Amino acid sequence: MSTDMASTVSECIFCRIAKGEIPVDFVYRDESVVVIRDAAPQAPVHLLVLPVRHIVSAAEVSDPNIWTLIMGRAVETARGMGLDERGFRMVINTGEQGGQTVPHLHLHLLSGRNFSWPPG
Ligand code: 5GP
Ligand code: ZN
């Protein structure tokens, strides 16, 4: 890893949260994945599922096990909260046109209202 990349990772807000450097009320946490509440919720339930390991975006994923980790944890969390009864939405914004604003892979788990399609 280059020095530039090391400093980027050490400043990454989601790395700092996932490593416990910034105290947050974790919805779920283990050594490889965490679930937190979005700071600016767009629905009654708006959670973020992120790998502890720094991966910039979905486009950078090389290990397919990451999908089991992230999506599996999202669905498990949704079921555990009873969100599967009425439904939920999972979103992974990717890159500039995908609307990604934090460059650390994360899945949005949204629920508690009707969502429209197509997305904006
Ligand atoms: P993106 O736009 O990259 O798909 O999603 C980033 C999300 O992270 C946004 O919904 C934003 O509200 C949320 N977010 C940004 N900074 C923080 C933070 O420091 N803590 C939490 N919990 N959420 C954050
Ligand atoms: Zn990071």
Q: Could you work out how far helix 65-80 tilts from the main Cα principal axis of the chain, as a 0 to 90 degree angle to the nearest 10?
A: 40 degrees
Q: Counting only C-alpha contacts under 8 Å and six or more residues apart, can you give the relative contact order of the chain as a whole percent?
A: 27 percent
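Could you grab the relative contact order for segment 45-111? Cα pairs under 8 Å, six or more apart, rounded to a whole percent.
Working: 85 pairs, mean separation 36.4, N = 67.
54 percent.
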Q | Rounded to whole Hz, the Karplus (6.51, -1.76, 1.60) HN-Hα couplings of segment 86-101, x for glycine and proline | A | 10, x, 7, 10, 10, 9, 10, 5, 9, x, 4, 6, x, x, 6, 10
**Q.** Long-range amide H partners of Thr94 with built H, under 5 Å
**A.** Gly99, Gln100
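How about segment 10-55: which GluC sites (Glu not before Pro) there are in a DSSP loop, with at most 11 other Cβ atoms within 10 Å of their Cβ?
Working: sites: Glu11, Glu21, Glu31; in loops: Glu21, Glu31.
Those that pass, being in a loop and sparsely packed, are Glu21, Glu31.
Suppose R0 equals 22 Å; then what is the FRET efficiency for Gln97 and Glu76 from their Cβ-Cβ distance, rounded to the nearest 0.05?
Details: r = 30 Å, r/R0 = 1.37.
E(calc), rounded to 0.05, equals 0.15.
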Q: Identify, among Leu83, Val49, Ser62, the residue whose Cα sits farthest towards the positive end of the charge dipole of segment 13-111, taking +1 on the Cβ of Lys and Arg and -1 on the Cβ of Asp and Glu, with the dipole about the Cα centre.
A: Leu83
Q | Simple spin-label estimate for Asn114 and Arg29 in nanometres, 7 Å along Cα-Cβ | A | 3.8 nm
Q. List the chymotrypsin sites (Phe, Trp or Tyr not before Pro) in segment 37-120 that DSSP assigns to loop (not H, G, I, E or B) and whose Cβ has at most 14 other Cβ atoms within 10 Å. Which are they?
A. Phe115
**Q.** Area projected by the alpha carbon convex hull of the chain, averaged over all directions, nm²
**A.** 8.0 nm²
Q: Compute the distance in nm between two label points, each set 7 Å from the Cα along the Cα-to-Cβ direction, one at Ala39 and one at Asp63.
A: 2.7 nm
Q: Collect residues whose amide H, placed 1.01 Å from N in the peptide plane, falls under 5 Å from the amide H of Val34; neighbours closer than 5 in sequence don't count.
A: Leu50, Val52
Q. Using only helices, what value at 222 nm comes out for the chain when you add -39,500 (n - 2.57) per DSSP H run of length 4 or more and divide by the total residues, to the nearest 500 deg cm²/dmol?
A. -7500 deg cm²/dmol
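Read the figures in this text as sums done on the coordinates, not as results from a lab. Because the structure is a prediction, the values reported are computed rather than measured. Note that we place each Cβ from the backbone using ideal geometry, even for glycine, and neighbour counts take in every protein chain shown.
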